[in-house]
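Notes follow once the structure below has been shown.
Only the coordinates and a few stated rules stand behind these numbers; no lab work does. Only a predicted model underlies this, so the values are computations on that prediction, with no experimental measurement involved. Positions of Cβ are backbone-derived with ideal geometry, glycine not excepted, and every protein chain shown enters the neighbour counts.
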């Protein structure tokens, strides 16, 4: 390839990387909070679907994606409340509840989609999502400008949300208590803080952000809902958290890495003449996760109290 | 302990309720009612492929007054046989398995139910009362290829999963392109999904960045991601609506729409079945020759007279059998 | 007394959970404008209304019982195998290969060969996650989820590429040899010996877990790795064995699907049996005998929901909601008393 | 002297049947260093956890600065200026020193933008009190002594008036201990009140103004330190009466069963815990290991049973070098082990009593045949054992979790003794069990010795050691600091040795 072609190729892949990474970023950032507080939520896929559907439905009826987003967060918070009630208050097994959330998320959104929208197939597609915004000066930059700085608002928001998340986690008293709760809940208890309250808050943050990650698919990246539109992204987000070593910026960059693989495989297919089976490219993120486990060994240690319900004495 | 008893009682009550009413809901099988069933490989309201069959079913209900029913069997072949058998044993005269994957199951069941016709979409089978019904998408795609090669710089095809109905359509497209300009670049991407509209959108962006200005999806519900990508990119990039009118999704990008009124085709067949006039000679294959089933409409003013002329010529040649749209690509 | 109590534990709470789930489903049905009683009535008949329907229910229960029995062993041993879905695919691929390659063999040899190939392949796929856990401390929850995706993608690659059928060129493999087909029982229904096999596997895993010395060791590992070490049990080997056994059972389920029903490999050969199997095992309190009942329950839900869609036009996706709520309410009633992490690798 | 800062009246606390405090009343004066002295299980920690708000008392009143108060959580205690340094540190290993110190100090929305400000304050505090620490260092990188400094700084940062320290020197080196004691004296001089939980007599003498002795959940006496000596304290702490007279030894000592040479073992963090000890145990004798818990006895037990690896040196069991043998191989050589923590290791709580009896022999005859458990034999065996060892139960199919601690321990003892071991290693055999069971267990151990087994008994209960042992090895800081005959008259000397007080000679002549 000529240098120019390589630059445009890269620029386009990077732009797509960012867009494809956005749902991972939101969802995995939320899960970082949840897991840092010691609660493992494997039901992210279900929560994302619920977010995607509520955002879609509310945007469809109000015509405003902002309301859709608000609704998605509300839906996510409701999920979070239920999840925390079961796993924190009732000390139910987190894996079981997570697995159930995936089942309910898929079933409920599909059922409601059919019940509410089956009669309006054509019109259902007609609503405005967040459209791309050009950033005045940056978008004039050669090659990268036009491509990188013509994104929708949720994509632009990601570094700021992660920044806010990192700030919350590392620079506030709340974040300090979250980080302590996942590691050593007894210390938190002995410091006079309520382990349960902190876990509730973290699970709520986690589910709200997962719902936003799902909503992105229906009110920003595209403007439609399909049953199972999340296509396994919730599970990838789980892997992102592990590889990103439970840190917000780690989650951000690993999300971008996974987005990059996704974009690259779509792009490589589009370039005629490359004949790698597309399944191989699709498998890359999962292979990568396994490789990371083997190479990082025990350095990738999860929060010590992850998955363990806390019983105060 | 009290708690447990309460729970048990509740459950028994529920069971009793459920059992008690099951008697009342049994559908009465009326003599002379024409019944048509559908096995859908995915959600019936998914756009594209699965929706076609569902709408066909609704049309049969409307036009022929048939009693209809459908079942979504996901992608699990293990479930197919049972669904066929259930329909057939309930006296359905016609059951459509919407996809080649239903073929094995239909063949097994058909032996036991000689009075039911089993139609299989995307199949070329013809064995007793199991009949393949196919619409040859390679023909309309051939026409799109001709248009693309005459008007554009490069074309991109975005498929859901790499299966024959999709690959055949794409072969038709490439043959159309080659008939005009053998060097015209065409690239193909498979998403590995029928629902991931976001991936389709990104695939379209990738192709645009690679220099393509004709991007055509064949990916069911995911396909509308492609139209959104074009709509955002702006005028000068073109696509066709696939199976339906998608003009509203990218008004300034649509050259035209490829309509596939599979429903009409099925109504035609169903009418014959209902009237007992259906004669099994061969498998059914819709093509451009069936003008009420497959046709392409162009948007006003988007194509020149010269292009239209070439398209018309191609249609004539295809119908006449002079062009093999599925000719192997070198 | 002990037996009565454990039966109570196995039956009462899941039953209550099912009741709650049916209630929630009923509310949804009313919301969507259906009559819940009609819908459930049709569902009940669809699952148990005729000999054929019962057979279909048992057919769907077969992979669930197989997977659930295996997972009961894993969960009792304290390892969270979420990867039964991928292990099922691994088994289906190997079984199909065996059924295509060894066409010359007579049935009494070929059927076992196909089944063993599936079980072995699933055991290896599951054992891989076990190895990563024991050797590298990798969370089996994450690795098994990743291995699910890999198995499904690999299957997609195989049936569109190297293993695609010669004729037709549809993305499916050729049919396996006639001699590899599982014999049917209860003709004219489709019920095959796979169901009996699943009962056998449930019984064997029950005996393994609760009546054999190896099972004793596994359960000790699952409850208290410290006590296991004290008793001279090799904890790592136990975890590996538990993953291989549960993977093998899931692989066997894949082989049974291929040799009993589909006779060839497709892309979507499992509609999520591996995930339902998790629920089936947990709901039975990880007791393989209980798994027979919860497996039939979930099989009936799936089977009945199809008929419900056919005859009452209620979307069958409702069954996912019902299954999910069954799990949630079972969790709320305190059926599952096991925590997620076991710390046996911290040495 | 000065006024009372806190007064406890009749504190009672029970944990699921076990009484920890049986009505303790106590008065602490402002600015004093008050030692709480007592053996393990005397109820010191529970009493202080109540003062810190971690536990709620069943009955009794706390009067703080003249007012009755109710402490619902540590937060209430912290607000009133009560701080506590726990024996097991309440620190988050992954966080830095300063993060640990400010945990829980601010409302959740508080922005910790000025960590440098916090760090400056911590640095100032640490300079002021001579507690050198790097506020930015992650806690898991710190030594135990440094971690303790963090705990103390945490309390100081909170502005503590009353500081409770639970066995603070148990984990420190002698130098660190000395520095800590010095520091506490200085702090008391500035008006801080210190409650110091310990069972080291030396420390009490060195640091405290007054001392309260607890025994068996009751207060024995509060005395001015100046008016007592270590001997008197030891008597108060252990009590005069010994539960069980030493059963007469019937058999004669035989050959060496266990011989340990220069053995070193690391703890789970990789720090040396046992530092080059040598000793031997002959058949027909009970060798007791005395010492304050946490001086390497646990690691010694794990190392000798194949559950922890040996860092250096060697030990032989029945003449065979046993360093690298697995627990199973050791057990085949004739080792039986009654572990320290019953719930963690000794029993599998959800298993039935019958199942617990076969923990070692689940895969060998007569309990297993062809890989299957022989339920009949197992049940019969269990029935026979519970009868012989007087385990009170409703049936051997009962979950062992439903038994009392004493009966659980009887199961463990029965299981281990039934193997008729060459060497029996018992670690804290009667901790947390009732008197009846205690007597029974001790009698069984003695009987086992009389059948010719070698017995190594680890206990932090001196009374038990006197009752059972033929001779005593005294452990301090991972070393054997003395060997004595197990004679009650020597209690004071032994107490002093256990407390790390060096004597002119390390062995006392018979």
Legend entry - Zone residues, the range A:156-195, relative to residue D:72, backbone N less than 16 Å from point 7 Å out along Cα-to-Cβ: A:192-195
Inset, instruction - Treating the angle as unsigned and between 0 and 90°, give the value, to the nearest 10°, between the Cα long axis of helix B:262-274 and the longest Cα principal axis of chain B. - result: 50 degrees
Inset, instruction - Over the residues of the range A:229-282, compute the C-alpha Rg and express it relative to 2.2 N^0.38 Å. - result: 1.30
Inset, instruction - Describe numerically, in nm with one decimal, the distance between label points set 7 Å from Cα along Cα→Cβ at residue D:14 and at residue C:30. - result: 4.8 nm
Legend entry - Using alpha carbons only: equivalent-ellipsoid semi-axes of the range C:256-296, gyration tensor based, whole Å: 25, 11, 6
Inset, instruction - Show me B:206-215, A:277-286 ranked by packing, highest mean number of other Cβ atoms within 10 Å first. - result: B:206-215, A:277-286
Inset, instruction - With a ≥ b ≥ c taken as the square roots of the eigenvalues of the C-alpha gyration tensor of the range C:14-157, please select rounded if a/c is under 1.5 and otherwise prolate if a/b is larger than b/c or oblate if it is not? - result: oblate
Inset, instruction - Could you tell me the largest-minus-smallest coordinate of the C-alpha atoms of the range D:4-238 on each of the three principal axes, in descending order and whole angstroms? - result: 51, 37, 32
Inset, instruction - Please give the per residue volume of the convex hull enclosing the alpha carbon atoms of the range B:117-207, rounded to a whole number of Å³. - result: 99 Å³
Legend entry - Helix B:49-64 axis, angle to chain B major axis (alpha carbon atoms, nearest 10°): 70 degrees
Legend entry - In range of the label at residue B:280: residues from the range B:101-122 whose backbone nitrogen is under 16 Å from the point 7 Å along Cα→Cβ: B:103-121
Legend entry - Computed [θ] at 222 nm, deg cm²/dmol, chain A (DSSP H ≥ 4; -39,500 (n - 2.57); rounded to nearest 500): -23000 deg cm²/dmol
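Give me a single rounded figure for B:186-194: the average over its residues of other chain Cβ atoms within 10 Å of their Cβ.
6
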Inset, instruction - Find the Rg to Rh ratio for the range D:256-498, where Rh is the Kirkwood radius over alpha-carbon pairs and Rg uses the same atoms. - result: 0.97
Inset, instruction - Kindly rank B:136-142, C:247-253 from highest to lowest mean number of other beta carbons found within 10 Å of each residue. - result: C:247-253, B:136-142
Inset, instruction - Determine the relative contact order of chain B: mean sequence separation of Cα pairs under 8 Å and six or more apart, normalised by residue count, in whole percent. - result: 16 percent
Legend entry - Equivalent ellipsoid, the protein assembly as shown (semi-axes from 5 times Cα gyration tensor eigenvalues, Å): 69, 38, 27
Inset, instruction - Estimate the FRET efficiency between residue D:4 and residue D:88 by the formula 1/(1 + (r/R0)^6), using the beta-carbon distance for r and 41 Å for R0, to the nearest 0.05. - result: 0.85
Inset, instruction - Run the quick spin-label model on residue A:276 and residue B:63: label points 7 Å from Cα toward the beta carbon, then report their separation in nm to one decimal. - result: 4.8 nm
Inset, instruction - Take the Cα pairs of the range C:140-197, get the Kirkwood Rh, then feed it into Stokes-Einstein at 4 °C and 1.567 mPa s and tell me D in µm²/s. - result: 91 µm²/s
Legend entry - For B:201-214, mean number of other protein chain Cβ atoms within 10 Å: 6
Legend entry - Estimated [θ] at 222 nm from DSSP helical runs (n ≥ 4, -39500 (n - 2.57)) normalised by residues in chain C, nearest 500: -24500 deg cm²/dmol
Inset, instruction - List the relative contact order of the range D:4-238 as a percent without decimals, with contacts defined as Cα pairs under 8 Å and 6+ residues apart. - result: 29 percent
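Could you please tell me the mean projected area of the C-alpha convex hull for chain B, averaged over all directions and given in square nanometres to one decimal?
21.6 nm²
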Inset, instruction - Can you give me the three principal axis dimensions of chain C from its C-alpha atoms, in Å, biggest first? - result: 59, 52, 34
Legend entry - Overall Cα dimensions of the range B:191-292 - principal axes, largest extent first, Å: 54, 27, 20
Legend entry - Per-peptide average of other Cβ atoms within 10 Å, ordering D:373-384, C:201-212 highest first: C:201-212, D:373-384
Legend entry - Over the range D:115-186, equivalent-ellipsoid semi-axes from the Cα gyration tensor in Å: 20, 15, 11
Legend entry - Degrees, to the nearest 10: D:435-450 long Cα axis against longest axis of chain D: 50 degrees
Legend entry - Shape parameters for chain D, alpha-carbon atoms, Rg then Dmax in Å: 24.4, 77
Legend entry - Fully extended contour minus Cα-Cα distance, from residue B:108 to residue B:33, at 0.36 nm per residue: 24.5 nm
Legend entry - Average beta carbon contacts from partner chains per residue of D:356-365, 10 Å cutoff: 4
Inset, instruction - With runs of 4+ DSSP H residues as the only contributors, calculate the mean residue ellipticity of chain D at 222 nm using -39,500 (n - 2.57) per run, divided by the residue total and rounded to the nearest 500. - result: -9000 deg cm²/dmol
Inset, instruction - Divide the volume of the convex hull of the Cα atoms of the range A:3-299 by its number of residues and quote the answer in cubic angstrom per residue. - result: 152 Å³
Inset, instruction - Report the FRET efficiency, 1/(1 + (r/R0)^6), for residue B:90 and residue B:304, where r is their Cβ-Cβ distance and R0 is 56 Å, rounded to 0.05. - result: 0.55
Inset, instruction - Sticking with the crude label model, points 7 Å out along Cα→Cβ, report the distance from residue C:51 to residue D:282 in nm, one decimal please. - result: 8.4 nm
Inset, instruction - Return D:488, D:154, D:117, B:281 ranked ascending by Cβ neighbour count within 10 Å, so the fewest neighbours appear first. - result: B:281, D:117, D:488, D:154
Inset, instruction - Going by C-beta contacts inside 10 Å, put D:84, D:90 in order with the fewest on the left. - result: D:90, D:84
Inset, instruction - For the range D:4-238, give the share of DSSP beta bridges that are antiparallel, in percent and rounded to the nearest 5; count only bridges with both residues there. - result: 55 percent
Inset, instruction - Kindly provide log₁₀ I(q)/I(0) values, in the same order as q = 0.13 Å⁻¹, from the Debye equation applied to equal alpha-carbon scatterers of the range B:63-214. - result: -0.73
Legend entry - Theoretical FRET efficiency, 1/(1+(r/R0)^6), r = Cβ-Cβ of residue D:489 and residue D:141, R0 56 Å, to 0.05: 0.70
